[in-house]
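Peer 1: Input: one structure, supplied below.
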Amino acid sequence: MTWKPLFAVMIGLMMVGMAAAGADVSMGKADEFDNGTLDIRLPPTPLGEVTYFCGDNAVKALMELSRKNLPLRILPGQGLSQVTFLGVYRDTNGRVYYYIVEGPVKTETVLKDFIKNARHFSQRPTLRKISMVGHTRDWNDIGAITWKKVFIGTTMEMGVTAEFSYVSTTSGMTYYLVEIHQSGNPKRSDIALDKMTVDVSVPNEIPLSETWVSRWLPRTDGGPKKYYSYTSQISVDGNLLGYSASASTSEETNDGITFRWKVKSREIGRDVEFIHYDFVKKIWGGILTRPAYGVILDANPTVIVVSKRNSAKLSFGAQAKFNIANRMIVPTDTLEFEVEVTPVSVREY
C-alpha cells in the first residue's frame with residue numbers, strides 16, 4: 001500500500017539473519033537458549049548491543065532495567081508479570097529500543113520480529129534539524145517501545161509502539177514528542193478489528209505545574225471520509241514551543257477501508273484518549289460494506305508533553321475489540337505500562 005499517514009496494512013514479517021544473544025538478566029555474556037534449537041544471528045556489534053529474554057527472565061530483566069540509567073525506563077507495575085518476551089537494543093548514541101510481548105509466543109518468531117524492528121530503529125535519524133526564529137535547533141531522538149499482547153490462542157494481537165524525541169528551551173523546560181503507532185492484528189480470515197483505544201496520561205502524583213500534556217493530533221473527531229496526516233513543524237514564540245500539522249482529506253483509503261475516530265480528555269493537561277472505530281471495507285463498488293476481515297490496521301496519533309524537570313513520567317493504556325465472524329465482539333485485556341523519559345544519557349550533536 002502507498003497510503004501511510006494514518007492507516008496501513010502491515011506486510012508479513014521479513015526474515016532476517018541474526019546472531020547469539022544473552023538470556024541472563026545481567027545482560028552480560030550470552031547463554032544457550034531453548035536448548036540450542038534456535039539458529040539466531042544478531043546484527044554486527046557496531047550497530048549497538050542487542051539482548052533478549054524469555055519467560056521469568058524477561059520479567060526479571062525489566063525489573064533490573066528499571067534501576068539502570070537509561071533514557072527510557074519501564075517502571076514496575078502489575079502488567080510486568082504477564083511479560084513473556086523482552087528484546088532490548090541500545091545503539092552507540094545511547095538510544096534504547098524495547099520490544100515486549102505478553103501472552104503465548106514462539107520464541108523464534110518474536111525474536112526475528114524484534115531484530116527486524118531493531119534494525120529499522122538503528123536507521124532512525126538521531127536528530128531533526130528544526131529552524132526556530134532564525135536559529136536551528138536539534139530535535140533529538142531518545143528511543144522507542146513496542147509492547148504487544150496476544151489473545152485467545154494467538155488468534156488476535158494488539159500492540160502499541162511509542163517513539164520519543166525531545167528538544168530543550170532557554171526557559172529550562174523540555175518538550176517531548178511522542179509518536180504512537182497502535183495496531184490491531186486479526187490472525188484469522190473470519191476476524192476483523194472493530195475498535196482501538198489508546199490513552200496517554202501524566203500520573204496523578206505529578207503536579208500539572210511540573211509536567212503536562214500540551215498538544216496532540218488528531219485534535220478533533222473525524223471520519224469516515226477524512227483522514228489526518230502531519231509533518232513535524234516546530235516553531236517558537238519566546239519560550240513557547242509550537243507544533244503544527246498539515247491536514248489532508250480523502251474519500252477513502254486506497255484499499256477501500258474507512259474508519260472513524262474520537263478524541264477525549266478527562267482532565268485537560270493530564271491525559272488524552274484516542275479512539276479509532278467503525279473499521280469497514282467497501283465492497284461491490286462501494287455499495288455495501290463489511291468488516292475488514294483478516295486485515296492488520298494501524299492508527300498513528302501524536303502527543304507533545306512539556307516538563308519542567310530533567311525527566312517526565314507517562315502512563316500508557318491501550319485496548320482493542322475484535323469482531324469474530326460478525327457474531328460477537330470480543331474485547332482484549334488492557335495493555336498498560338508506565339515510562340520514565342530521561343534523555344540526559346542520549347548523545348547530543
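The values are calculated or read from the model by the stated rules, or taken from the named source; none is laboratory data. All of these numbers come straight from a predicted model, not from anything done at the bench. Cβ placement follows ideal geometry from the backbone for every residue including glycine, while neighbour counts extend to all protein chains displayed. These area figures cover heavy atoms from the full protein model, side chains too; ligands, DNA and RNA do not enter into them. Shrake-Rupley method; radii C 1.70, N 1.55, O 1.52, S 1.80 Å.
Peer 1: Here are D298, D333, D237, D271: which of them is at pLDDT 85 or above, surrounded by fewer than 18 Cβ atoms within 10 Å (Cβ to Cβ) and not hydrophobic (A, V, I, L, M, F, W, C)?
Peer 2: D333
Peer 1: Return the pairs, sorted by first residue and then second, in which the second residue is basic (K, R), the first residue lies in segment 71-91 and is closer than 16 Å to E163 by Cα, the beta carbons are less than 7 Å apart, and the residues are 6+ apart or on different chains.
Peer 2: P71/R95
Peer 1: Another one. Looking at segment 76-97, which of its residues are under 18 Å from K149 (Cβ atoms) and modelled with pLDDT of 90 or more?
Peer 2: Answer for segment 76-97, where residues must be under 18 Å from K149 (Cβ atoms) and modelled with pLDDT of 90 or more: V83, T84, F85, L86, G87.
Peer 1: Is there a residue being within 21 Å of the chain's Cα centre (by Cα), at pLDDT below 80 and in a strand (DSSP E or B) anywhere in segment 210-227?
Peer 2: Looking for residues that are within 21 Å of the chain's Cα centre (by Cα), at pLDDT below 80 and in a strand (DSSP E or B), one finds at least one in segment 210-227, hence yes.
Peer 1: Quick check on my filter: what residues within segment 100-140 are open to solvent by 70 Å² or more (accessible area, probe 1.4 Å), in contact with a strand residue (DSSP E or B) (Cβ under 7 Å, 6 or more places away or on another chain) and at pLDDT below 75?
Peer 2: Within segment 100-140, K129, V133, T136, R137 meet the criteria.
Peer 1: Further question on the same structure: Is it the case, given these coordinates, that G159 is of a type outside the set (K, R), touching a His at 6+ places or on another chain (Cβ under 9 Å) and more than 11 Å from S307 (Cα to Cα)?
Peer 2: The answer is yes for G159.
Peer 1: Next question. Tell me which of these V305 doesn't satisfy, since it passes every other one: (1) β-branched (V, I, T); (2) farther than 23 Å from P203 by Cβ; (3) open to solvent by less than 20 Å² (accessible area, probe 1.4 Å).
Peer 2: For V305, the exception is condition (2).
Peer 1: OK, next. So E163 ticks every box in (1) under 12 Å from the mean Cα position of the chain (by Cα); (2) surrounded by 19 or more Cβ atoms within 10 Å (Cβ to Cβ); (3) touching a residue at least 40 places away in the same chain (Cβ under 8 Å) but one. Which box is left unticked?
Peer 2: Unmet for E163, out of (1) under 12 Å from the mean Cα position of the chain (by Cα); (2) surrounded by 19 or more Cβ atoms within 10 Å (Cβ to Cβ); (3) touching a residue at least 40 places away in the same chain (Cβ under 8 Å): (3).
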